[in-house]
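Undergrad: Just passing along the structure, written as structure tokens.
Read-outs throughout are calculated quantities, based only on the coordinates presented, and are distinct from any laboratory measurement. Predicted, not measured: the structure shown is a model, and the values here were computed from it. Note: ideal-geometry Cβ built from the backbone for every residue, glycine included; neighbour counts use all protein chains shown.
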Amino acid sequence: IRDETGQRPHIYFEWTEGNPMANFFRFFLFGQGEVAPVTREVIREAEPDRSRRPHVHAG
């Protein structure tokens, strides 16, 4: 989207409530749980330049 329009896209996530370690193990074992931090890391590795990364909003 960014390359086609020249605009940085916005991504919106909601944080999961609860124990962070329980959320980690649920994600690790079953692939369910916190998507926002994992997505952030994928974006960070794919685009090293912070000014070109999408705006990520979590609330």
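Undergrad: Mind running the shape call on the chain? Use the C-alpha gyration tensor, a ≥ b ≥ c as the square roots of the eigenvalues: rounded below 1.5 for a/c, prolate if a/b tops b/c, oblate otherwise. It would help to have the intermediate numbers written out before the result.
TA: Working: a/c = 3.03, a/b = 2.22, b/c = 1.37.
Note, shape of the chain comes out prolate.
Undergrad: Give the long-range amide H neighbours of ILE11: residues separated by 5 or more places, or on another chain, with amide H under 5 Å away, using H modelled in the peptide plane at 1.01 Å from N.
TA: Counting only residues 5 or more places away or on other chains, the set is HIS55, VAL56, HIS57.
Undergrad: Which residues does a label at HIS57 reach in the stretch 1-26, if reach means a backbone N under 18 Å from a point 7 Å past the Cα toward the Cβ?
TA: Counting only backbone N, you get 2, 7-16.
Undergrad: Can you give me the angle between helix 20-30 and the longest principal axis of the chain, using Cα atoms only, in degrees from 0 to 90, rounded to the nearest 10?
TA: Value to nearest ten degrees: 90.
Undergrad: Could you tell me how many degrees, from 0 to 90 and to the nearest 10, lie between the Cα long axis of helix 36-46 and the main elongation axis, the longest principal axis, of the Cα atoms of the chain?
TA: The angle comes out near 40 degrees.
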